1. Show me the helices (runs of 4 or more DSSP H) entirely contained within the range 397-498 in which 3 or more residues are under 18 Å from Gly115 (Cβ atoms).
2. So which residues in the range 208-225 are surrounded by fewer than 24 Cβ atoms within 10 Å (Cβ to Cβ) and either under 17 Å from the mean Cα position of the chain (by Cα) or at pLDDT below 95 (or both), if there are any at all?
3. Only one of Thr114, Thr180 is at pLDDT 90 or above and touching a helix residue (DSSP H, G or I) at 6+ places or on another chain (Cβ under 7 Å). Can you tell me which?
4. Out of curiosity, is Ile262 of a type in the set (A, V, I, L, M, F, W, C) and modelled with pLDDT of 90 or more?
5. Glu38 versus (1) at pLDDT 95 or above; (2) within 22 Å of Asn120 (Cβ to Cβ): which is the lone unmet condition?
6. Starting from residues that are of a type outside the set (Lys, Arg) and under 22 Å from Phe224 (Cα atoms), keep the ones in the range 360-389 and report whichever is most open to solvent (accessible area, probe 1.4 Å).
7. Could you check the range 225-300 for helices (runs of 4 or more DSSP H) lying wholly inside it with 1 or more residues that are of a type in the set (Phe, Trp, Tyr) and farther than 25 Å from Ala359 by Cβ?
Amino acid sequence: MTKLNYKIIVFIMGLLLVFNGGFMLFSALVSAIYAESEGLDILAAAGVAVAAGGLVMFLTRNHIKVLNKKDGYLIVTLGWLIMAFAGTMPYMFTGAITNYTDAFFETMSGFTTTGASIINDIEVMPKGILFWRSLTHWIGGMGIIVLAVAILPLLGIGGMQLFAAEAPGPSADKLHPRITDTAKRLWLIYVGFTAVETLLLRIAGMGWFDAVNHALSTLSTGGFSTKNASIAFWNDNPAIQWIIIVFMFIAGANFVLSYFAIKGRFSKILNDTEFKWYSVFVLGFSILGGVLIYFQADPLTSSIAHPMVLGEVESAFRHSTFQVLAVITTTGFVSADYTMWTPFLTIMFFGLFFLGGSAGSTAGGIKVMRHIILIRNGIMEFKRTLHPNAILPIRYNGRALQSGIVFNVLGFFILYMLSFIVGATVLAALGLDFETAIGGALSSLGNVGPAFGDLSPVDNFSGLPKLGKWWCCFLMLIGRLELFTVLILLTPFFWRNR
């Protein structure tokens, strides 16, 4: 019988609370640097999280240090919820957000890297709180559990089950035979890219505070900004937007490929099927969008364009590339309101919401790898119809895929579409109009952020009814954890001791 090891599950929840409190200390430090009185409140929140987590760890210290698959799924889902509930404390303690539903929504949106916000005036928020918003993105980007995996062996606990349950995408590539070394390498790459982007944004003209926050949001494909206008605030500084474009592209690609690039193994990148199609999608849709903006609409005012000069050509293609990447990688930054460009582009961006980044990236969505497998399986079905007795495997990266992987992808796609339909139906039942309901469900499930209707890039989620916000939080969670990890907990057979 496979029984849940409740003691170790509770112990790891305590560990994650300690992690959460530790990261809050950085936000308290930012408040102290800017001489904000809210720093003491954030420090108190950190103290509560660390004390509660430490107490839980102490009380459950005598546990069996073995994890099974069931434990892994439950730890990942509960871990995300614990982090989200505890992550509301800086908002509540400082009074930056006084409504608990709104505080939880903002926190869940942060940790799931969705980037949907209920804050109407971001720029009046204390800097310590703004930093905490960005930090929740950054923690959630690579994964709270992947972070824990690198620490658990120090406590005598193996982490493979956690990594398999949490790692984004259909497969969890390993850079090293030891899973903890894989997690450490991923985090080193993640930290390194964050530092490089921060420096480049500072050189391009951002202040240090804005540069750090936007680097945290970019690498996590989150989208929280320190400005009400998001990246449109720097529309007069193309260099800043091009830097973010480059790092959105990197964040939407498999981080394992970044490791190979650092090691100089470029053939691994060039021969990767998913990366090639990811690049083709980004380039193709960016060019298509740029051409349409060039000939039909001004990227900022949405009026009919004047005869273009060189600078306007650059602007059209920059904004197209920026928004295509922001949606495909589910970063959700905004340089212009793409819903106001042309009807065709609005439909195109709606379709891109389903695409997602690469497996093994911090991006949300269905993922490019799954689309490739779905398309190839569909083509293969035509061949199987003509040759019913032939053995025709689906090939990916030059290797035949096991049928179980193909079935998993098919099952995921069906479940994703059902979740989207049910998600939109519930929002519509709560009183949202058609465009807003489908936009809210698709954005939350895909962890994108800005959507359509009343949730467009120039609006936010503050107008949602209370139940609508909690429902979107649920969609964010199942989307971030790839559906199965959360939904399996709702099945009766998961809880049977066998």
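1. Working: elements: 403-429, 434-446, 466-480, 484-487.
Hits in the range 397-498: 434-446, 466-480.
2. Matches in the range 208-225: Leu216 only.
3. Sole residue among the options that is at pLDDT 90 or above and touching a helix residue (DSSP H, G or I) at 6+ places or on another chain (Cβ under 7 Å): Thr114.
4. Values: of a type in the set (A, V, I, L, M, F, W, C): yes; modelled with pLDDT of 90 or more: no.
So Ile262 fails the test.
5. (1) is the only condition that Glu38 fails.
6. It comes out as Gly360.
7. Fully inside the range 225-300 and qualifying: 238-252, 273-296.
Let's see how each residue does on (1) closer than 26 Å to Thr329 by Cβ; (2) in contact with a Lys or Arg (Cβ under 9 Å, 6 or more places away or on another chain); (3) touching a residue at least 60 places away in the same chain (Cβ under 8 Å); (4) surrounded by fewer than 21 Cβ atoms within 10 Å (Cβ to Cβ):
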| site | (1), (2), (3), (4) |
| --- | --- |
| Val76 | yes, no, yes, no |
| Met83 | yes, no, yes, no |
| Ala86 | no, no, yes, no |
| Tyr100 | no, no, no, yes |
| Phe105 | yes, yes, yes, no |
| Gly110 | yes, yes, yes, no |
| Gly115 | yes, no, yes, no |
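The values are calculated or read from the model by the stated rules, or taken from the named source; none is laboratory data. Please read these numbers as outputs of a predicted model, since none were measured by experiment. Please note: Cβ atoms are built from the backbone with ideal geometry, for glycine as well, and neighbour counts cover all protein chains shown. Accessible surface areas use protein heavy atoms only, side chains included; no ligands, DNA or RNA. Shrake-Rupley method; radii C 1.70, N 1.55, O 1.52, S 1.80 Å.
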